Amino acid sequence: MSRELPRPAREIDLHAEAFLDHPEDYSADELLGEATAYFREMLDAAIYWGYSEIRFVHGKGKGTLRQVIYEELNDYKTSGAIARFHPSYGNEDIVVVIIGL
């Protein structure tokens, strides 16, 4: 039996308040882990559904989440799962992921 991934929105907010019920119950490290796992799930779903592009809002903060997301995207790009990625031209708090050519 194959598993079907949920169809994600075209723009995903990675702030904990957007996808966790009680983010105040998590430590900073746990929040980073949850955001990273959510990012992977949504990117994998976008790839599964054949999206050509998806955007992730990582925000400003200290830049820790942005750094982790960009490292993850480098791995996806190296493996050939995505074509490229770049900061949004209008808002550097968002990364645009180009999945297909």
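Which numbered condition trips up Gly59, out of (1) within 14 Å of the chain's Cα centre (by Cα); (2) modelled with pLDDT of 95 or more?
Of the numbered conditions (1) within 14 Å of the chain's Cα centre (by Cα); (2) modelled with pLDDT of 95 or more, the odd one out for Gly59 is (2).
Being in contact (Cβ under 8 Å) with a residue 40 or more places away in the chain, buried (at least 17 other Cβ atoms within 10 Å of the Cβ) and not aliphatic (A, V, I, L, M) is the filter here, so list the residues in segment 32-54 that pass it.
Of everything in segment 32-54, just one residue is in contact (Cβ under 8 Å) with a residue 40 or more places away in the chain, buried (at least 17 other Cβ atoms within 10 Å of the Cβ) and not aliphatic (A, V, I, L, M), namely Tyr51.
Against the condition within 14 Å of the chain's Cα centre (by Cα) and surrounded by fewer than 16 Cβ atoms within 10 Å (Cβ to Cβ), how does Asn74 come out, does it pass?
Yes; evaluated as a whole, the condition is true for this residue.
Scan (1) assigned to a helix (DSSP H, G or I); (2) surrounded by 10 or more Cβ atoms within 10 Å (Cβ to Cβ); (3) not aliphatic (A, V, I, L, M) for the single condition Glu24 breaks and write down its number.
It is condition (2) that Glu24 fails.
For segment 43-98, give me each residue that is touching a strand residue (DSSP E or B) at 6+ places or on another chain (Cβ under 8 Å), in a helix (DSSP H, G or I) and among the charged types (D, E, K, R).
Listed by number, the residues that qualify are Arg66, Lys77.
The values are calculated or read from the model by the stated rules, or taken from the named source; none is laboratory data. All figures in this text were calculated on a predicted structure; none of them were measured in a lab. All Cβ positions, even for glycine, are placed from backbone atoms using ideal geometry, and neighbour counts span all protein chains on display.
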